[in-house]
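Here is the structure we will look at, set down as structure tokens.
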Amino acid sequence: MKNIVLIITLLHSLNGFTSDLDSQYKSLVEELRCMVCQNQNLSESEAPLAVDMKQKIRAMLESGKSEQEIKTFLAERYSSYILYEPPINMQNIILWFGPLVFILALSYFLIRRYVK
């Protein structure tokens, strides 16, 4: 009887582990861009590269890697373009702050012109 309870407990805990792994996997493949398709995430893509990447992500999660470690690995391998929310760094700082600078400069010149 003890063995049956132990087996049921183990199976229940493993089921919780796999469901947690599945939820991490689903969130990751939805947050990462397919490098072959135009503006599709990995979960929507069936391109051979996307299938390989999904298998790699699953294997990395099963080996105990965190979501951040996986994102860092993929960004180093495929560039930050793979991330739908790329980090702010010197490569893309103009893309992040360029529109704000443009709007502020345009506002300054328009106000200066019409206030005279």
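The values are calculated or read from the model by the stated rules, or taken from the named source; none is laboratory data. Because the structure is predicted, anything quoted here is derived from the model rather than measured. Positions of Cβ are generated from backbone atoms using ideal geometry, with glycine treated the same way; all protein chains shown enter the neighbour counts.
Descriptive notes on the structure:
- Every test in (1) among the aliphatic types (A, V, I, L, M); (2) farther than 29 Å from Leu42 by Cα; (3) in a loop (DSSP other than H, G, I, E, B) is passed by Ile88 save one, and that test is (2).
- All of Met35, Met60 fail the test of being within 22 Å of Gln91 (Cα to Cα) and touching a helix residue (DSSP H, G or I) at 6+ places or on another chain (Cβ under 7 Å), apart from Met35.
- When restricted to residues that are touching a strand residue (DSSP E or B) at 6+ places or on another chain (Cβ under 8 Å) and either at pLDDT 85 or above or over 20 Å from Pro87 (Cα atoms) (or both), region 8-55 contains 10.
Table: residues versus (1) hydroxyl-bearing (Ser, Thr, Tyr); (2) in a loop (DSSP other than H, G, I, E, B); (3) exposed (fewer than 12 other Cβ atoms within 10 Å of the Cβ); (4) free of Cβ contacts under 8 Å to residues at least 24 places away in the same chain.
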| residue | (1), (2), (3), (4) |
| --- | --- |
| Ser43 | yes, yes, no, yes |
| Asp52 | no, no, yes, yes |
| Gln55 | no, no, yes, yes |
| Ala59 | no, no, yes, yes |
| Gly64 | no, yes, yes, yes |
| Ile70 | no, no, no, no |
